[in-house]
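Below is one structure, written out as structure tokens, with a few remarks after it.
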């Protein structure tokens, strides 16, 4: 029997306007004039504010699904540059992630019926966290995982019984102390293996970042392999692998203690990282703000206070809109 096709509900004019605003917000090219126009639109009718909040929640779902789709489908990614990647640290890694994610979100907005998430990749995950959520997971063999915000993992065992996980998307901290046998983390085109170590693996659309905090971690990739010792980091994509670099493990792992740490980090990168943890979206109005340096330690469970603190210390103007949207501009 042939089932009738799923009919996607047609958006009304106000809903179309709200999604058009979300596309503008996701583009990263909002200006002060855009911010003022959006604020006027929200105040023009109480329904506008409510519909913008609903549109933002759907875009958050699409953004998460877009990251997972890009992580699992190399064909959807932009073509890689001919030159091999330069060594970079985590904060540089954050900067490129949102562009590809926003593009995937726009495509997803057109293709599947709205609201029909989680994605197929998420459905196969054994453990998953939402925006701003963190979770501790104890596995057999004295292996423990700590999952950061918007993370999905699937647990598996090799033919010889050796345990491992597939990091579908997001970021996981792994402690294999006294595990007794190697533990593997598959992420993209590579695999990280450790027997007695603490390490973190981060996977978003831009690629994979592996940081060794303690012990030794072997990273294998189609283009080669490398061994990381404590306080060392390596990044790779589908077709290339970077070089081992030294890092400040305390800054990289601050999220495990409930903080985000930044040291002379461009405001644009800070905002993108805050947006990973906070429902809603912080938007910079004007590209000139992105380069302003930020140094500080912010509590993950109090990011609205962090935003207000940056607004005061940097002399910015802040406007709060429905759906957790925050507009920051030069005063």
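Derivation of every value follows stated rules applied to the coordinates shown; laboratory data play no part. This is a predicted model, so every value here is computed, not measured. Positions of Cβ are backbone-derived with ideal geometry, glycine not excepted, and every protein chain shown enters the neighbour counts.
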Expected sort for 42, 209 with the fewest Cβ neighbours (10 Å cutoff) up front is 42, 209
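Where the eigenvalues come from the Cα gyration tensor of the range 125-252, what are the semi-axes √(5λ) of the equivalent ellipsoid, largest first, in whole Å? Write out the running numbers ahead of the final one.
Values: eigenvalues 74, 58, 46 Å².
Taking √(5λ) for each Cα gyration eigenvalue gives 19, 17, 15 Å.
Starting from the eigenvalues of the Cα gyration tensor, five times each then square-rooted, give me the equivalent ellipsoid semi-axes of the range 231-318, largest first, whole Å. Display every interim value, and only then the final one.
On the way: eigenvalues 132, 51, 32 Å².
Listed largest to smallest, the semi-axes of the range 231-318 are 26, 16, 13 Å.
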Likely footprinting exposure, 167, 303, fewest C-beta neighbours within 10 Å first: 303, 167
What spacing in nm lies between the two simple spin-label points modelled at residue 222 and residue 23, each 7 Å away from Cα in the Cβ direction? 3.4 nm
Ranked list, fewest to most other Cβ atoms within 10 Å of each Cβ, for 295, 211: 295, 211
What is the spin-label model distance, in nm, from residue 302 to residue 16 if the labels are put 7 Å beyond Cα along the C-beta direction? 4.6 nm
